[in-house]
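Q: Have a look at this one before I ask anything.
The values are calculated or read from the model by the stated rules, or taken from the named source; none is laboratory data. Values in this document were obtained by computation on a predicted structure and should not be read as measured data. Using ideal geometry, Cβ is built from the backbone for each residue, glycine included, and neighbour counts are taken over all protein chains shown.
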Amino acid sequence: MPRHFLSVTDFSPAQVRDCLLLANDIKLHPENYRQTLAGQTLAMIFQKKSTRTRVSFEVGMYQLGGHALFLSSADIQIGRGETIADTAQVISRYCNGIMARVYGHEIVEELAKFATVPIINGLSDLEHPCQTMCDAQTLIEHWSPKGTYDPSVLRGKTLCYVGDGNNMAHSLLDVGAATGMNVTIVAPKGYWPDPKIVARCEELGRETGSKIVITDDVINGVRGADCIYTDVWASMGQEEEHDKRVRDFDGFIVDESMMQRADNGRTGPGCLFMHCLPAHRGEEVSAEVCDGPRSIIFDEAENRLHIQKAILVTLMAKR
């Protein structure tokens, strides 16, 4: 079994599938898991503010019979210069797991190096794996035949991410490669995802059937997509770049005309819309799309709870 969850790549494709199936079972039958982590404690380290990550992990631990501790960087000695290594080793003596939402990915890597308990990446500048696992769960729910839940429905479908090639883009590439889902990244040149992550996903995709496209061609890039996904153009820590990014991303807003280009005249279910939230309506997405019938953003947000409970059970349940 995997020891940590810093990236979707910490799970094999089979383990990703198992976790997605477990998340669905936990969602449907929460009563079967109420004591799964009884007596266990999760330390939650937050350098970045959060709504969904904090609430879903804290509620998730409670619903699994455990307890979660909120630790902002101002509340613990890491904020006064204590090393990551010392923090990891000390908290490992008290808690059964650590979830960290941080700026630099190297922080979760160092936590994992020195901790003796599982580390979960709640977000870093490089990856956002919990979010994209919940995205996969949500798409399975919407694309499976009514009354079923079949992860194989992701194979051959195309998710098109329009926006900055950031941590969201990286983890969407990872989950696509793990599940056989095609992923297209549409972004201005200069905002493309890390070539190393693209290369590793292309390699895994050759085994799973996932195809990856990176382009700055908005019109052709979105055509035929089964789902369009976007994120804010300036993430936390990039506020000073906001105005420049708005100029650079001119023409990349997800609006109804883009959704219609994705449909490309096909009949049947239209292209879905996803966003990891918070959303800036009128900037990266129009209010018409964000709040319209194609949008599944709140199904997506809800599933953060269920997939993270599945990750916690996978890493922390006593066997």
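Q: If the requirement is being at pLDDT 95 or above, hydroxyl-bearing (Ser, Thr, Tyr), surrounded by fewer than 22 Cβ atoms within 10 Å (Cβ to Cβ) and not in a helix (DSSP H, G or I), which of these qualifies: Tyr161, Tyr191?
A: On the way: Tyr161 fails: surrounded by fewer than 22 Cβ atoms within 10 Å (Cβ to Cβ).
That would be Tyr191, the only listed residue that is at pLDDT 95 or above, hydroxyl-bearing (Ser, Thr, Tyr), surrounded by fewer than 22 Cβ atoms within 10 Å (Cβ to Cβ) and not in a helix (DSSP H, G or I).
Q: I want to confirm something. Restricting to the stretch 29-45 and keeping residues that are of a type in the set (A, V, I, L, M) and not in a strand (DSSP E or B), which single residue is farthest from the chain's Cα centre (by Cα)? Even if it seems obvious, please write down each step before you answer.
A: Looking only at the stretch 29-45, we keep the residues that are of a type in the set (A, V, I, L, M), and these are 37-38, 42-45.
Filter once more, so that each one left must be not in a strand (DSSP E or B): 37-38.
Details: Leu37: 23, Ala38: 26 Å.
The qualifying residue farthest from the chain's Cα centre (by Cα) is Ala38.
Q: Here is a follow-up. Just the residues that are under 15 Å from the mean Cα position of the chain (by Cα) and assigned to a loop (DSSP other than H, G, I, E, B), please, taken from the stretch 1-24.
A: Of everything in the stretch 1-24, those that are under 15 Å from the mean Cα position of the chain (by Cα) and assigned to a loop (DSSP other than H, G, I, E, B) turn out to be Leu6, Ser7, Phe11.
Q: Tell me, which helices (runs of 4 or more DSSP H) wholly within the stretch 235-308 include 3 or more residues that are in contact (Cβ under 8 Å) with a residue 40 or more places away in the chain? Step through it out loud before you land on a result.
A: Working: elements: 242-248, 256-263, 287-290.
Fully inside the stretch 235-308 and qualifying: 256-263.
Q: Going through Glu106, Glu127 one at a time, which residue ends up being free of Cβ contacts under 8 Å to residues at least 12 places away in the same chain and either outside the structural domain of Val254 (by TED's automatic domain parsing) or surrounded by 22 or more Cβ atoms within 10 Å (Cβ to Cβ) (or both)? Talk me through it step by step, then tell me what you get.
A: Details: Glu127 fails: free of Cβ contacts under 8 Å to residues at least 12 places away in the same chain.
The unique qualifying residue is Glu106.
Q: Which of the residues belonging to the stretch 221-268 are within 23 Å of the chain's Cα centre (by Cα) and either of a type in the set (S, T, N, Q) or over 25 Å from Asn182 (Cα atoms) (or both)?
A: Matches in the stretch 221-268: Thr230, Ala234, Ser235, Met236, Gly237, Gln238, Glu239, His242, Arg245.
Q: Being surrounded by 22 or more Cβ atoms within 10 Å (Cβ to Cβ), at pLDDT 95 or above, on the phi < 0 side of the Ramachandran plot and in the same structural domain as Phe273 (by TED's automatic domain parsing) is the requirement here; does Leu173 meet it? Before you say what the answer is, go through the steps one by one.
A: Details: surrounded by 22 or more Cβ atoms within 10 Å (Cβ to Cβ): yes; at pLDDT 95 or above: yes; on the phi < 0 side of the Ramachandran plot: yes; in the same structural domain as Phe273 (by TED's automatic domain parsing): yes.
Spelling it out, Leu173 is indeed surrounded by 22 or more Cβ atoms within 10 Å (Cβ to Cβ), at pLDDT 95 or above, on the phi < 0 side of the Ramachandran plot and in the same structural domain as Phe273 (by TED's automatic domain parsing).
Q: If I filter the stretch 85-101 down to residues being among the aliphatic types (A, V, I, L, M) and surrounded by fewer than 21 Cβ atoms within 10 Å (Cβ to Cβ), which single residue comes out as nearest to Ser235 (Cα to Cα)? Can you show your working first?
A: Narrowing the stretch 85-101 to residues among the aliphatic types (A, V, I, L, M): 85, 88, 90-91, 98-100.
From what is left, the residues that are surrounded by fewer than 21 Cβ atoms within 10 Å (Cβ to Cβ) are 85, 90.
Working: Ala85: 27, Val90: 31 Å.
Going through the qualifying residues, I end up with Ala85.
Q: Here is a check on your reading of the model: is Leu272 of a type outside the set (S, T, N, Q) and buried (at least 19 other Cβ atoms within 10 Å of the Cβ)?
A: Details: of a type outside the set (S, T, N, Q): yes; buried (at least 19 other Cβ atoms within 10 Å of the Cβ): yes.
Answer is yes for this residue.
Q: Right, next: Select from the stretch 309-319 the residues that are in contact with a Leu (Cβ under 9 Å, 6 or more places away or on another chain) and in a loop (DSSP other than H, G, I, E, B) and write down the one among them that is farthest from Tyr161 (Cα to Cα).
A: Lys318
Q: Tally up the residues in the stretch 217-234 that are part of a loop (DSSP other than H, G, I, E, B), at pLDDT 95 or above and among the hydrophobic types (A, V, I, L, M, F, W, C), please.
A: Qualifying residue count for the region: 2.
Q: Can you confirm whether Ala187 is within 24 Å of Ala14 (Cβ to Cβ) and of a type in the set (A, V, I, L, M, F, W, C)? Working first, answer last.
A: Working: within 24 Å of Ala14 (Cβ to Cβ): no; of a type in the set (A, V, I, L, M, F, W, C): yes.
Judged against the criteria, Ala187 is not a match.
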